[in-house]
Amino acid sequence: MERTYTLNEIAMMSGFTTRTLRTYLNQGILNGKKNSGKWEFRTEDIEKFFADPYVKEGLRIKRTGIVFDFLAERRKGEARSCVILDVPASLKEGNALSEFFCKEMEQVSDTFFTFDWDGNECRVILCGAEDQVAKIMKAYYGRM
C-alpha cells in the first residue's frame, strides 16, 4: 500500500499553515483525497505541489526565513541549534527521508522543520531547541 501524508505532515514539511494549504486545495494547486473526513496526499500529489513555481517561491522564502530568524534571534538562557542537511537521494530515498523526519517531528516541540526534494537531492532544515535538534540528528545518523 502506498504511503500517504496528512495535511499536518505537509504543513510540517513546507512550513505553510494548514489554513494556507487548504487555500491551495481550493485553488487546485494542491490535490489530494478525503478519506473519512481527513485529507490524504500521495507522494505524487506532494511532488506536483512542491514543483509548482508559485509554491517553490513560497518554500524558498519560508526556508530562508527560518534560517534568518534563527540567526537574528537570540534567546537568553536557551541553547538553540540550526542544521541544514543536503542529501543526494532518489525518489524512494527522499520519501523515506521525509517519512523519517515527519515521524521525528511528532515527538518534539519548539523545533521547526522544512523538507524539499528537487529530484536529485533532499534539503532538510531543523531549527530549535538544541537538545531536540540533537536528538533528531542522532536518530538520523543512527538509522544508517
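Against the empirical 2.2 N^0.38 Å (N residues), the range 12-62 has a Cα radius of gyration ratio of 1.09. Name the longest site-free stretch of the chain, where the excluded sites are GluC sites (Glu not before Pro) in a DSSP loop with no more than 14 other beta-carbon atoms within 10 Å. With a cap of 14 other Cβ atoms within 10 Å, the longest stretch comes to 3-72.
Each residue, Glu73 and Arg3, gets one label point 7 Å from its Cα in the Cβ direction; the gap between the two is 2.9 nm.
Per-residue ellipticity at 222 nm, computed for the chain from helices alone with -39500 (n - 2.57) per DSSP H run of at least four residues, works out to -16500 deg cm²/dmol. Evaluating kT/(6 pi eta Rh) at 37 °C and 0.692 mPa s, with the Kirkwood radius of the chain over Cα pairs in the Stokes-Einstein relation, gives 207 µm² s⁻¹. For the chain, relative contact order (Cα pairs under 8 Å, six or more residues apart, normalised by length) works out to 25 percent. Of the DSSP H helices in the chain, none is both long (alpha-carbon extent of 15 Å or more along the helix axis) and hydrophobic (Kyte-Doolittle mean at least 0.5). Averaging Cα coordinates gives a centre for the range 18-32 and one for the range 38-116; these two points are 18 Å apart. Applying both filters, DSSP loop and at most 11 other Cβ atoms within 10 Å, to the trypsin sites (Lys or Arg not before Pro) of the range 51-144 gives Arg74, Arg75, Lys76, Arg143. In this label model, Ile29 and Ala139 are separated by 3.0 nm, measuring between points 7 Å along each Cα→Cβ vector.
Among the cysteines of the chain, those with no neighbouring cysteine Cβ under 4.7 Å are Cys102, Cys122.
Modelled this way, with points 7 Å down the Cα-to-C-beta line, the labels at Lys103 and Ala51 are 2.7 nm from one another.
Rounded to the nearest 20 debye, the dipole magnitude of the chain is 320 debye, with +1 charges on Lys and Arg beta carbons, -1 on Asp and Glu beta carbons, and the Cα centre as origin.
Read the figures in this text as sums done on the coordinates, not as results from a lab. The shown structure was predicted, so the numbers you read here are calculated from the model rather than taken from an experiment. Cβ sites come from the backbone with ideal geometry, for glycine too, and all protein chains shown count toward neighbours.
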